[in-house]
Amino acid sequence: VEADNGSNWNTFDSNVVNGTGAIGTAGGGFFLHGANNNMVSNNLVENTAGVGIGIENWDSSTINIGNTVTGNIVSGSGGAGLGLFAAAPGAAAWENVVEGNTTTKNNFAGLMIHAHAAHQNVDGNVFRNNTLSGNGTDVLNPADKMPAGISLFSAVVPIRGTVITGNTITGEHYG
């Protein structure tokens, strides 16, 4: 399910996404790309080739502001369970809330927050009351060599104003 380029104020609630994306692709469960003020809630996302639920920007013309991801269960994804990414200069994802989700047995970290180039903004996001267990390693973060519940990484710019609180992390090398 993809919401992009001005897909604002939508609700994606109580869906089942299972087995999306062919082997070797990035097919995932839910992607918000240039989408604002959306609600992704109470979904079951299993066995996807890529990220389970991603708030992602791949170019400088897209921003994601004010989205809420809550009450979802993500398991068996080929990428991160939940991801918030800015991959290109000028890309931004701020003031999003990720809370009350469960991620388990995903190939990468349970929750990944990344900025990869100059002039990116992934500031002011809130990650609270999530349960993360038995996830993999964030291979895009050079500091992570073992399984991680939460991985916060920026290659160039500082990440500011992020709140990570009340999460339960078990069966991971790094919290």
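Observations, loosely collected:
- In the range 146-170, of all residues being in a loop (DSSP other than H, G, I, E, B) and closer than 22 Å to G50 by Cβ, the one that is least open to solvent (accessible area, probe 1.4 Å) corresponds to G149.
- Restricting attention to the range 87-112, the residues that are assigned to a strand (DSSP E or B) and either in contact with a His (Cβ under 7 Å, 6 or more places away or on another chain) or closer than 15 Å to T68 by Cα (or both) add up to 7.
- In a residue-by-residue description of the range 25-38, the property of being assigned to a loop (DSSP other than H, G, I, E, B), open to solvent by less than 30 Å² (accessible area, probe 1.4 Å) and out of contact with any Gly (no Cβ under 7 Å at 6 or more places or on another chain) applies to at least one position.
- If you go through the range 45-86 and pick out every residue that is assigned to a strand (DSSP E or B), open to solvent by less than 20 Å² (accessible area, probe 1.4 Å) and at pLDDT below 95, you end up with 9.
- Residues of the range 105-119 that turn out to be touching a Gly at 6+ places or on another chain (Cβ under 6 Å), surrounded by fewer than 24 Cβ atoms within 10 Å (Cβ to Cβ) and within 18 Å of G52 (Cβ to Cβ), as a count: 2
- Whichever residue in the range 120-145 is among the charged types (D, E, K, R) and surrounded by 13 or more Cβ atoms within 10 Å (Cβ to Cβ) and, among such residues, is nearest to F85 (Cα to Cα): D123
The values are calculated or read from the model by the stated rules, or taken from the named source; none is laboratory data. A quick note: this is a predicted structure, and the numbers were derived from the prediction, not measured. Every residue, glycine among them, receives a Cβ derived from its backbone with ideal geometry; neighbour counts consider all protein chains shown. What goes into the accessible areas is simple: the full protein's heavy atoms, side chains included, and nothing from ligands, DNA or RNA. Shrake-Rupley method; radii C 1.70, N 1.55, O 1.52, S 1.80 Å.
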